[in-house]
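The structure under discussion appears below in the form of structure tokens.
The values are calculated or read from the model by the stated rules, or taken from the named source; none is laboratory data. Keep in mind the model is a prediction, meaning the values are calculated, not measured. Here the Cβ is made from the backbone with ideal geometry for all residues, glycine too, and neighbour counts use every protein chain on show.
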Amino acid sequence: MGLIDLDPQLFAGLAYAVFWLHVGVVLFNVFGLVAIPIGVWCEWDFVRIFWWRALHLLALAVVAIQAVFGRACFLTIWQSEFLRHAGQSVSNAPLVQRWVAQLIFWPLPLWFFVILYLAVWAYALALWWLVAPHRARSAH
């Protein structure tokens with residue numbers, strides 16, 4: 001039994017799951033860009049958690065690197081492949097999913113996204129130094 005032999009409903013479900021994972025990643029990335037500077041001002045401790053900040057910086061770096069190399073996001077590719085195996089297109093997606101997709105996927109040239117994602121990553125990198133994360137303290 002190969003991958004293509006699986007139930008189209010399974011592929012549709014996988015595409016839906018990947019889409020919402022993608023939405024979560026976008027929200028995580030945007031949240032961090034806003035929460036870190038506001039969190040310093042409001043003295044929120046979580047904005048200095050090392051692993052959270054490192055994950056945020058890494059996620060934004062992956063986005064920027066994909067754009068620099070002219071590659072679509074791997075989550076977008078996975079979703080498209082699952083939809084194709086399900087015999088669907090993005091236009092067959094539920095209404096809420098189409099609305100969210102319109103917010104995430106802009107019909108602009110690649111060079112725009114390269115500049116945007118590099119600028120966003122540079123901003124997050126600047127936040128790393130301006131709002132330095134705290135390394136976990138040892139129990140000693």
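Structure values in brief
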item	result
Filter pass, Gly32 being surrounded by 13 or more Cβ atoms within 10 Å (Cβ to Cβ) and within 25 Å of Phe105 (Cα to Cα)	yes
Hey, Gln79 part of a loop (DSSP other than H, G, I, E, B), at pLDDT below 95 and farther than 30 Å from Ala126 by Cβ or not	no
Qualifying residues in segment 39-71 (those that are of a type in the set (D, E, K, R) and buried (at least 16 other Cβ atoms within 10 Å of the Cβ)) - the one farthest from the chain's Cα centre (by Cα)	Arg48
Cross-chain or 6+ apart pairs with Cβ under 7 Å, segment 122-140 first and modelled with pLDDT under 95, then not hydrophobic (A, V, I, L, M, F, W, C)	His134/Arg48
Answer residue from segment 88-121, given it is over 21 Å from Val34 (Cα atoms), aliphatic (A, V, I, L, M) and loosely packed, with under 15 Cβ neighbours inside 10 Å and is modelled with the highest pLDDT among those	Leu110
Number of the condition not met by Ala67 [criteria: (1) in contact with a Lys or Arg (Cβ under 9 Å, 6 or more places away or on another chain); (2) closer than 17 Å to Leu118 by Cβ; (3) among the small types (Gly, Ala, Ser)]	(1)
Filter result for Val30 (closer than 23 Å to Leu118 by Cα, over 11 Å from the mean Cα position of the chain (by Cα) and free of Cβ contacts under 8 Å to residues at least 60 places away in the same chain)	no
Any pair with Cβ under 9 angstrom, 6 or more apart, that starts in segment 63-88 at a residue that is under 17 Å from Val26 (Cβ atoms) and ends at one that is crowded, with 17+ Cβ neighbours inside 10 Å and of a type in the set (Ser, Thr, Tyr)	Val63/Tyr117; Ala64/Tyr117; Ile65/Tyr117; Gln66/Tyr117; Ala67/Tyr117; Gln79/Tyr16
Phe19 in contact (Cβ under 8 Å) with a residue 40 or more places away in the chain and either closer than 12 Å to Phe82 by Cβ or exposed (fewer than 10 other Cβ atoms within 10 Å of the Cβ) (or both)	yes
